[in-house]
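Undergrad: There's a structure below that I have some questions on.
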């Protein structure tokens, strides 16, 4: 039952986030100075609602990672792209291409398989964390990502791929950190534990910082000229993969089956197909809030 709840909240999370992105894209015209506020019609309200929905994501993260491993919660993230595709087609009147349709099919198939395999296979619901591995992993990530971001920033090379990969990894790490902080506590206990200098509570608090940097890096990437059609699939793919890899390294007894690996590959392939052939978005749309 816990895995089911983790999957359900994971699905709610991705649907809310991608609906928010669609509404922000819809209302982005409010930043144009060529029209008056009145001429822009309902778009300011649409953008505000989208922005508000965007900021409820942490709620679904907390609920989802309270019941299931972060890998379970993150595994269905690609599903939200289908809602975004439908919103873009029926509301924004954008064309659905054959690769997008094939990508949607792969995401549905992969996500369904993920749910099936996680339900029939045992998972570590109350993990024992190898804290030595955890801190070594965090240090390696900080050093590696600092080098990659600094190199891409200075040379302006592979901006979309590097910023997307780093931001997506941080977004996925956010889920892992919340899972660690909430394994033996509820939200209020996790917060209260800070005053008692409990390590898991500080890890829980640090998760919000990881999520914040994930959002900031996507915006910087767009500002540096990254194409959304390249940055988005990198972000989404690493958002799904990072929790799986991290939990294998830091959680005692964590494992992954061939079925789960194949399922995740299908989801990631679908993510790429739904984004990689899109036309380059204009600079205004590139600044849609990602996280």
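The values are calculated or read from the model by the stated rules, or taken from the named source; none is laboratory data. Just so it is clear, the structure is predicted and the values come from calculations on it, not from any experiment. Please note: Cβ atoms are built from the backbone with ideal geometry, for glycine as well, and neighbour counts cover all protein chains shown.
Undergrad: Among the residues of segment 196-232, how many are at pLDDT below 85 and outside any loop (DSSP other than H, G, I, E, B)? It would help to see each step written out before you state the result.
TA: Going residue by residue through segment 196-232, those that are at pLDDT below 85 are 196-197, 219, 222-232.
With the extra rule that they be outside any loop (DSSP other than H, G, I, E, B), the set shrinks to 196, 219, 222-223, 228-232.
Looking only at that region, the number is 9.
Undergrad: Could you identify the single residue in 142, 149 that is more than 25 Å from residue 6 (Cβ to Cβ) and surrounded by fewer than 18 Cβ atoms within 10 Å (Cβ to Cβ)?
TA: Numbers: 149 fails: surrounded by fewer than 18 Cβ atoms within 10 Å (Cβ to Cβ).
Just one listed residue meets the conditions, 142.
Undergrad: For the list (1) modelled with pLDDT under 90; (2) surrounded by fewer than 20 Cβ atoms within 10 Å (Cβ to Cβ), I need the number of the one condition that residue 71 fails.
TA: That leaves (2) as the condition not met.
Per-residue answers, yes or no, for (1) within 18 Å of residue 144 (Cα to Cα); (2) surrounded by fewer than 20 Cβ atoms within 10 Å (Cβ to Cβ); (3) touching a residue at least 12 places away in the same chain (Cβ under 8 Å); (4) touching a strand residue (DSSP E or B) at 6+ places or on another chain (Cβ under 9 Å):
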position	(1), (2), (3), (4)
172	yes, no, yes, no
175	no, no, yes, no
194	no, yes, no, no
205	no, yes, yes, no
215	no, yes, yes, no
233	no, no, yes, no
241	yes, no, yes, no
247	no, no, yes, no
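Undergrad: Okay, next question. Against the conditions (1) within 29 Å of residue 266 (Cα to Cα); (2) within 20 Å of the chain's Cα centre (by Cα); (3) modelled with pLDDT of 90 or more, where does residue 134 fall short? Just the number, please.
TA: Exception for residue 134: condition (2).
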